[in-house]
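> Quick one: this structure, given as structure tokens, is what I'll be asking you about.
The values are calculated or read from the model by the stated rules, or taken from the named source; none is laboratory data. This one's a predicted model, so the numbers in the text were calculated from it and none came from an experiment. So basically every Cβ, Gly included, is an ideal-geometry build from the backbone, and we count neighbours across all protein chains shown.
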Amino acid sequence: MHSAISTSGLAKRFRRMDALRDLTLEVPEGSVFALVGTNGAGKTTTIKTVMNILKPTSGHATVLGTDSRQLGPRQFERIGYVSENQEMPDWMTVGYFLDYLKPFYPAWDDARADELVKQFQLPRDRRLRHLSRGMRIKAALASSLAYHPRLLVLDEPFGGLDPLVRDEVIEGLIDSAGETTIFISSHDLAEIESFATHIGYIAEGQLQFAEEMASLSARFREVEVTLAQPEALPAPWPDHWLRPEASPAVVRFVESRFEGTGTQDKIRNLFGEVKEITAYPMALRAIFVTLAKSGARV
Amino acid sequence: MKQAIHIFKKDLRYLWREIFIVLLLAFMFSYSAKLSRIELNGPVGFVFLLASCWMIARLIQAEMLVGDNQFWITRPYSWSSLFGARIAFIFTFVQIPILLMQLAILIGASFPLWSNVPGLLWTQLLFWICMSFPLAALASATSGLVPLVLTILVVPVAGLAVELYFPFVGLELGTALGPLEWIKDTVAYFGAAVIAGVDLYFQYRKRATIFSRVFLGGATALVWAAYICLPWSIAFGVQSRLGREGDDLSSLRLRLAEHLPQFEGHRIYSPNLTRVPLRLSVDGLPSGDDVRGDAIDLQILFFGGRVAALKRVGLDKVTIQGNNFDVIVEPNRPLLPVEYDAPVRIRGSIYLTVFGNTRRRSIPMDKKPVNVIDSLQCFLAGLPAKQYLCRAPFRWPAGIVSAAFSENNVRPLGRVVSYSPFPASLSLNPVEVRAPFGTPSLGTDVTISIKEPLAHIRRDFEFTGIQIANSDAR
């Protein structure tokens, strides 16, 4: 599978601060790739560097086969970009905004634009400045999906949106997924989980991991071990068993490399006699919190 | 091209209010010019320029080049189309209105059009490089209208600070070059064009805001320094090269008056007063020609090695006694008796312009403007008509213009404005109006004469053995 976005050793430094360090990432074509991380982790810097809004300090990125530093009008005809902080031409009405952008895109699809306007319930005659935050995001999204982009890059599109609008935006994205590769950064893990196919976790400017959503869900388990008799946590403690908690006869931790019976064997080897081992699947949010709090690289 | 037109149409829609105001002011300015034959530089022209600048700033910042959150930077905008659309807009709604305004004023004043085409085109160029381009460059490097206005205010504030803290610069700044001011202006215009051009290119092509700001600030400071510090000797050198001295001026001689002139109430030697008046006479001028003293650079070398210097632009001519120019040299401390009594050496250079090839035309005094010579028009103005005025398109003639109301009542019409070879100066008003000095008694006819500048010359001189004590002041 080809990569829609590929970065290698990408770094960005702002004066004395390393915003991005040695970021190597592949976003497969056709995927919905979610880049998650805490505030200030480097998500927006990654996206802006990839989109040629910021110049990388070192390393390089290619977007749809073009060096990110060479991205120009021809490439942007196939790329959509929506950001929560994007400054829009507020004086334009929604309808004029779409009409204005149309000639820029050879693949602009009027029917698709109309469909998106209806789907997002956008008032065509209202100025962008008079739209709510959610409406603005939807207008930006409609203007970016109407030309069937090969790549859609979204920087925190759900920030501050109410659940209803969030669902509408996600529906719009799901409709386009497949023909369009979606690269999205977000805090909204519950929403991301519902449609992302791939996930990357970034912390302090470094990519901690990037993999398929299914693989991530499969390898993270919240494990509860009921011991035959109370005992302290054994040492040495495996570094991929995160956030251990012990009560007299129960030990809980997050296994970041769950392998079914393999993991059970490891537990038995370490603890000796155990009464019960239970492994619970984890939601993305729980995985994210575990990783953020443990500071582990897995 | 297609994209540029598309962006242009969008800007038209975005800035329709500003366009309306600018066009209305342009119409008002032209109309006020039609009503008033005398003074066209009213507030309307100023407001028009202000409104135009505001529109240019809003236009450039409609697609802001500073920052990384603008919607358009990740859209398929071609920089050349965006830049082209901007240029087309400014051309259509700022430059063309200026052209039409000036055209309307010239037509209204019955000036011949064909001969004024160079003036119209030159004014267009000047407004591009002195207003539209620099403002567009500043707007492209600032992140909003407030920072833009503050940046514009930095220039006069910096100038004031320099004047206050570096008075020597202030003195240079105050040294106007008179008719040669155009040379300094040309340096500024050329600098503004280059700075704005480079800045706009980099901002539109690369969005290199930091480079753009550093370049704008640095290059502007350099050009400003070149403007205020331009040695006037260089300017006069340039002017002398432009106006070559003809063979018939080889007989022109310079001499120091035998008796130094007396200046009423001033004694040359006294314990508290140090003033040395000198009179330079120009002889050998062809009959009918006139001479103007543009500048002098002079040194008096006293006994004992002390030097007193004078640099002055614009020399007063003592018209009663031929072509004499009086100057006063002020040593930095009172003369010692030995310096006063011993002979001194005076050396230096004088820059002169010779005028000749007089053309005259007698015309009736009329309220209706009468074409005289070289597009010059003269007429009676005021209610009741009691003032005689002359006007010229774009630039007052570079020669000496005078009006003879009777044989003994010849009045010059202002000083020579500029020796510039260019057809116009930077002004919205394409008509320059002048009145004769004094209050002439008005008859029925007047003879207007123009003496053309024939040559700009420099004469170096050295006079030795001059006795300051010979002065009539003793």
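> Tell me whether segment A:47-61 contains one or more residues that are of a type in the set (S, T, N, Q), closer than 21 Å to A:P157 by Cβ and more than 12 Å from chain B (Cβ to nearest Cβ).
Looking through segment A:47-61, none of the residues is of a type in the set (S, T, N, Q), closer than 21 Å to A:P157 by Cβ and more than 12 Å from chain B (Cβ to nearest Cβ).
> Which members of segment A:71-94 meet the condition of being at pLDDT below 90 and more than 9 Å from chain B (Cβ to nearest Cβ)?
Once the filter is applied, which keeps residues that are at pLDDT below 90 and more than 9 Å from chain B (Cβ to nearest Cβ), segment A:71-94 yields only A:E84.
> Going by the conditions given, is A:R150 away from chain B (no Cβ under 12 Å), more than 29 Å from A:E26 (Cα to Cα) and of a type outside the set (V, I, T)?
No, not satisfied.
> What are the pairs, 6+ residues apart or on separate chains, where a residue within segment A:234-248 that is under 17 Å from A:K293 (Cα atoms) has its Cβ under 8 Å from a residue that is assigned to a strand (DSSP E or B) and aromatic (F, W, Y)?
What qualifies is A:W241/A:F253; A:L242/A:F253; A:R243/A:F253; A:P244/A:F253; A:E245/A:F253.
> Name, by its number, the condition in (1) in a helix (DSSP H, G or I); (2) more than 30 Å from A:P123 (Cβ to Cβ); (3) within 13 Å of another protein chain (Cβ to nearest Cβ) that does not hold for A:L98.
Unmet for A:L98, out of (1) in a helix (DSSP H, G or I); (2) more than 30 Å from A:P123 (Cβ to Cβ); (3) within 13 Å of another protein chain (Cβ to nearest Cβ): (2).
> When you scan segment A:170-192, how many residues do you find that are touching a residue at least 40 places away in the same chain (Cβ under 8 Å), assigned to a helix (DSSP H, G or I) and closer than 20 Å to A:I47 by Cα?
3
> Filter segment A:193-206 down to residues that are outside any strand (DSSP E or B) and more than 13 Å from the chain's Cα centre (by Cα), then give me how many there are.
2
> Would you pick out the residues in segment B:33-50 that are modelled with pLDDT of 60 or more, more than 22 Å from the chain's Cα centre (by Cα) and part of a loop (DSSP other than H, G, I, E, B)?
B:S36
> Right, here's the next one. Which pairs turn up if I take residues in segment B:1-12 that are in contact (Cβ under 8 Å) with a residue 24 or more places away in the chain and surrounded by 14 or more Cβ atoms within 10 Å (Cβ to Cβ) and look for partners that are part of a loop (DSSP other than H, G, I, E, B) and not β-branched (V, I, T) with beta carbon separation below 7 Å, at least 6 apart in sequence or on another chain?
B:Q3/B:S78
> Okay, moving on. I need every pair where a residue in segment A:266-281 that is over 10 Å from A:V225 (Cα atoms) has its Cβ under 7 Å from the Cβ of a residue that is hydrophobic (A, V, I, L, M, F, W, C), sequence separation at least 6 or different chains.
The qualifying pairs are A:E273/A:A228.
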